[in-house]
Amino acid sequence: MEPLVTLTIDDREVTVPAGTTVLNAAKSVGIEIPTLCYYEKLAPFGGCRICLVEIEKMRGLQTACTTVVRPDMVVRTASPEVLKTRKAILEFLLTNHPLDCPVCDKGGECDLQDFVFKWGPTESRYIEEKRHKRKAYALSPLIVKDEERCVLCRRCVRYLEEWADDLQLDYFERGRLTRVDTFPGQPFDSVFSGNTIDICPVGALTSRVFRFRARSWELEKVPSVCAYCGVGCNITLDVKTNKLRRISGRENPAVNDGWLCDKGRFAHQYIDSPERITRPLVRKDGELRPASWDEALNLVSQRLREIVRESGPRSVGGVGSATVTNEAAYLFQKFVRTVLGTNNVDHLGRLPDGARPLPSMTEVREADAILLFGADTLEEAPVIELFIRRAANLKGTKVIVANPRRINLTRYGGPWLAYRPGTEVALLNGLAHVILAEGLHKEGRRVAELKEWVKDYPPDKVEEITAVPAETLREAARVLTEAQKAVLIYGPDTVRGPNGQACLTALNNLALLIGAHEPGCLAQEPNSWGVLDMGLAPHLYPGRQRLDDKVRERLGKRWKAQLPSEAGLGLDEMLKAALDGELEALYIMAANPAMDHPIGDEALEKLKFLVVQDLFLTETAQLADVVLPAASFAEADGTFTNMAGRVQRLHQALRPLAEVKPHGQIIVDLARVMGQEIGATMPLEHYSPQAVMEEIARVAAPYEGLSYGSLGDDGIPVTTEGGTRRFAQADFRPPATDAAYPLALVTGRLLYDRSPLFARSEIMRQLVPEPFVEINPADAETLRIADQDAVTVSSARDSLELRARVSDDIRPGCVFVPLHLNEMPVVALSEAGAAVTWVKVTKR
Amino acid sequence: MVVIEAVGGLWQFIRAMGVTIRHFFKKPITVQYPEEKVRIYPRFRGRHELQRDEDGLELCVGCGLCAAICPSGAIYVEAAENTEEERYSKGERYARIYEINMTRCIFCGYCEEACPTGALKLKHEFALADYDRTSLIYDKARLLQPASPHVIVLEG
């Protein structure tokens, strides 16, 4: 407990912990002191002088933001002297301020405007010509800068230093010429650039996307959750006349703490895209033609019934997506299980069994060492990256990166373990071996067994297998074990495939050995955990209950249906069955397997009947017989469960177009047409997500007691049970190689890609890079490939035409091809279920 | 009693008729509108007109303060950015959509008062009746069109 200090502020006695600033002490009792340069999430700066207060026995006025309280201090924040000075400072600021509030996007939510209104002069005494600086120029494609409005508080520069650690802005020139700008010839392309708009106290930095789209007072503010990645950033949807005008960060210390990445902030224009599907489409004479909902649903109902009757329920299946809400996912699996009568239900990108959510954002932020295994937070979970960068930058948190590709976080010098793809288990066993050999482990029970299991992985041998130098491995082990609070984070792809379970086991061993929290999976989709909890998987009922007789009976009673007892097919098996002609119809909700699954497009073409509900005519929807227009995340109510297992509420902010319906509504309507109620309908037959959540709370144990009322705006973490943690054997199997295809393919997501929603977001899509393949200079030299050469990347299955990017960001022997950048599916190169995809690169 | 009351009543009647007769010989103030022009004072608040500057550019910058102050919610503004090729007003911003719903407007003039650029003026046109409600929603093109009201403006 810190010692307390008692002082007097404006004749009120205030007791605060020692070390508090006068400003915060005043704030704690509700006394307002204006600040421009001070921002609560940045270190005090003391540059703007507007927070000057009078302190007895101190000469002159003092800056409240940098003065630390002392016992028996007497502070006056509103004495005539203070008010006079405050007014004078505001008047001085205004002599250099253009006062173009009517055309300024900050007008109405501007600190300077508010302060002048409250404390400033009512008339200007300055009659000379004002200084002129650059106005309304593009600081970056996303940010518009007005130099005249800038009050030089340095918040943007300090934020980039302290948080984003992207030093892309700074002061230039001196005195009245001082300006904030980019370094000559350098871009301002931080993916966290948009936060500078939020923290700018004036209208010097404004958004290109929001530019002149509304005035701040016209906006209706709807709390929601970002639907791009698994972090689940809390956002505010700013709406005017049923149009989404702006997204800004919403304060929630347990999640994003008010920060956003530029993707979440700016890439929302797809909602108004003219390419949205606005009416149901039905294939007639080989072409998709507009139809009425009645016609479309009747056709779906009739065809699905026919196929079930003729070929049995096993011949149909449902594919969902982790981008839809819990409510929609729950209804979807219930529809497939009760109305279609099959357990053939799954979703794209399902997390493997045994994967666990991140401990919590707070624990990640407070960690003193982080192991990122096969994950790239910059591209997959940017706000986590922001937290890690701040911790590494300011607290010296060590970031150990295990990745064949040099990711941004390797710059903090935590060892970079650039392993060969497919050797993950050997690497992890090697780490365990070093820790045990050097006696660094914290967990002592049963280590003898583990020692036995990893005895074959001494550093030298691991170096041979994984190409990670023995010394680097030792260093990583040392860093991990020296940490008090280590957090292990892995990418979902490392624990998929044939070695996935072994890798997961090895990760668990390592975490147990160093006394860390269970390793957490960096889920990539906004609702990756939620859809599993909802039972959108062939082997799981809601609440992740296994398909045993007891559960089936209980659920059947509740759902008033005879539930299928046969095990269902997963996505891979469904698509394989479709290729073999055994699966005849698929119902796909918001997924695009034609692009995202190795055999997606061939399998879908074989189907007798395909229904797709989505926002856009994706590659999958183009193959469909019926396409149903679905609402975006801003057009429906619901909940997402984020990568740390936190259930958070989305509020409907927009009314969708007349013929567009929320995913859940479509399922309820279809079920009714097929003659069954699947619950959650209100008297007027309106789909009620709230009622669905109430049903979920009764059926799925981890969600017990949850309701929209109890979730509030900040959400609630749900805990899914993990098993007892114990050491287990993780066997390394060397991946098969292929002499004809010498290079290992590494794939990964990019933050800015050509996925359906992002690619249709007007201004943001110009930031999507051209499709490329990254290749190490050593490999490029042997293959005589130069930077920017047109090359063909081919595997035994397929080939892609790309442009070469020669860079040592990728380790030798590997090539990196980003997903979702080109028209050709990258996944088509891979054999479903292979540990490593081997390719060759040839010049075209 | 009855007689006294009757005489009193008759006297009142004659007195009242006197007023009528006196006015009968005065010059009438009724105006034979529309044949004749209406006389109004300079500060009369009629229909709004959007003003242009000396270069013919719109003065309105689409700030929306008129819409914010309007007590009857009659004004709708959507702004957009001027480009070099398409310039409507001098600065960065102009009103892409500017609409006033005359069926809602109460002609209080707050909008004119709020306007920071002097773009919006309540002028002297008052004959706004129409057969169709939608045509009473004036868009920017109509508001930019100066009206020639059938009036005589009185000296201040």
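Values quoted throughout were computed directly from the atomic coordinates according to the rules given, and no laboratory measurement underlies them. The structure presented is a predicted model; accordingly, all values stated were derived computationally and were not measured. Here Cβ is always computed from backbone atoms with ideal geometry, including for glycine, and neighbour counts include all displayed protein chains.
Structural remarks
- Segment B:38-153 - charge dipole about Cα centre, Lys and Arg +1 at Cβ, Asp and Glu -1, debye rounded to 20: 640 debye
- Sorting A:206-219, A:146-159, B:134-147 by average packing, meaning the other beta carbons within 10 Å per residue, from highest down gives A:146-159, A:206-219, B:134-147.
- GluC sites (Glu not before Pro) lying in DSSP loop within segment A:16-121, provided at most 16 other Cβ fall within 10 Å: A:E32, A:E40, A:E56, A:E109
- Qualifying trypsin sites (Lys or Arg not before Pro) for segment A:164-195 [loop in DSSP, other Cβ within 10 Å: at most 15]: A:R174
- Farthest toward positive dipole pole in segment A:4-78 [+1 Lys/Arg, -1 Asp/Glu at C-beta], among A:Q62, A:G46, A:I31: A:G46
- Selection from A:L507, A:G414, A:A467 lying farthest towards where the dipole of segment A:361-521 points positive, charges on Cβ: A:G414
- 15 Å cut-off, amide nitrogen to a point 7 angstrom out along A:F92 Cα→Cβ, residues in segment A:135-163: A:151-153
- Measuring between their Cα centroids, segment A:700-779 and segment A:403-455 lie 22 Å from each other.
- Modelled this way, with points 7 Å down the Cα-to-C-beta line, the labels at A:E81 and B:M1 are 8.9 nm from one another.
- Database remark: amide H of A:L650 closer than 5 angstrom to the amide H of A:G638, A:T639, A:F640 (H placed geometrically; neighbours at sequence offset of 5 or more, or on other chains; Pro and chain starts carry no H).
- Taking the DSSP beta bridges with both ends in chain A, the antiparallel portion is around 60 percent.
- Rounded to the nearest 500, the 222 nm mean residue ellipticity of chain A from helices alone is -7000 deg cm²/dmol, with -39,500 (n - 2.57) taken per DSSP H run of at least 4 residues.
- Working from label points 7 Å from Cα in the Cα-to-Cβ sense, the B:R52 to B:Y131 distance is 3.2 nm.
- J(HN,Hα) series, segment A:498-511, from Karplus relation 6.51 cos²θ - 1.76 cosθ + 1.60, nearest Hz, glycine and proline x: x, 9, x, 5, 4, 5, 4, 4, 5, 5, 4, 4, 4, 4
- Kirkwood-Stokes translational diffusion coefficient of segment A:361-521, alpha-carbon pairs, 4 °C, 1.567 mPa s, µm²/s: 84 µm²/s
- Within a straight-line Cα-Cα reach of under 27 Å, A:K560 can be paired with the following lysines, leaving aside sequence neighbours fewer than 8 residues apart in one chain: A:K334, A:K550, A:K661.
- At an R0 of 45 angstrom, the distance between the Cβ atoms of B:A141 and B:R39 translates into a FRET efficiency of 0.90.
- The HN-Hα couplings worked out from phi for segment A:340-348 by the Karplus form 6.51 cos²θ - 1.76 cosθ + 1.60 (θ = phi - 60°) are 7, x, 9, 8, 6, 9, 7, 9, 6 Hz, whole numbers, x standing for Gly and Pro.
- Pairs exceeding 24 Å between alpha-carbon atoms, taken from A:K240/A:K263; A:K41/A:K106; A:K106/A:K130; A:K135/A:K240: A:K135/A:K240.
- Rounded to 10°, Cα long-axis angle of helix B:2-24 versus longest principal axis of chain B: 40 degrees
- Taking amide hydrogens as placed 1.01 Å from N in the peptide plane, the amide H of A:L237 sits under 5 Å from those of A:V222, A:S224, each at least 5 positions away in sequence or on another chain.
- Segment A:4-78, relative contact order in percent, only Cα pairs under 8 angstrom and at least six apart counted: 41 percent
- Where the Cα pairs of segment A:235-300 fall when distances are cut into 10 Å bins, in %: 18, 29, 21, 21, 11, 1
- Both numbers refer to the Cα atoms of segment B:38-153; Rg and Dmax are 14.1, 45 Å.
- Stretchable slack from A:K455 to A:A658, in nm (0.36 nm times residue separation minus alpha-carbon distance): 66.5 nm
- Reciprocal mean inverse distance between Cα atoms of the protein assembly as shown - Kirkwood radius, Å: 32.7 Å
- B:M102 long-range amide H proximity, modeled H, under 5 Å: B:I137, B:Y138
- The residue list A:V699, A:Y159, A:A834 was ranked by how far each Cα lies along the charge dipole of the protein assembly as shown toward its positive end, using unit charges on Cβ atoms, and A:Y159 comes out on top.
- Karplus-derived 3J(HN,Hα), 6.51/-1.76/1.60, for each residue of segment A:91-101, Hz, glycine and proline x: 5, 5, 4, 6, 5, 9, 10, x, 6, 9, 3
- Percent of C-alpha pairs per 10 Å bin in segment A:743-843, short distances first: 16, 48, 30, 7, 0.
- Total lysine pairs whose alpha carbons fall under 21 Å of each other in segment A:361-521 (8 or more apart, or interchain): 7
- Counting Cβ atoms of other protein chains within 10 Å of each Cβ in B:61-69 and taking the mean gives 4.
- Residues A:S799 and A:E770, FRET efficiency given R0 of 25 Å [Cβ-Cβ distance, rounded to 0.05]: 0.90
- Range of Cα positions in segment A:4-78 per principal axis (Å), largest first: 27, 25, 19
- Calculated FRET efficiency, B:F107 to B:Q32, Cβ-Cβ distance, R0 = 25 Å: about 0.55 to the nearest 0.05.
- Straight-distance crosslink candidates among lysines, where the alpha carbon sits under 27 Å from B:K26 and sequence neighbours closer than 8 are dropped: B:K37
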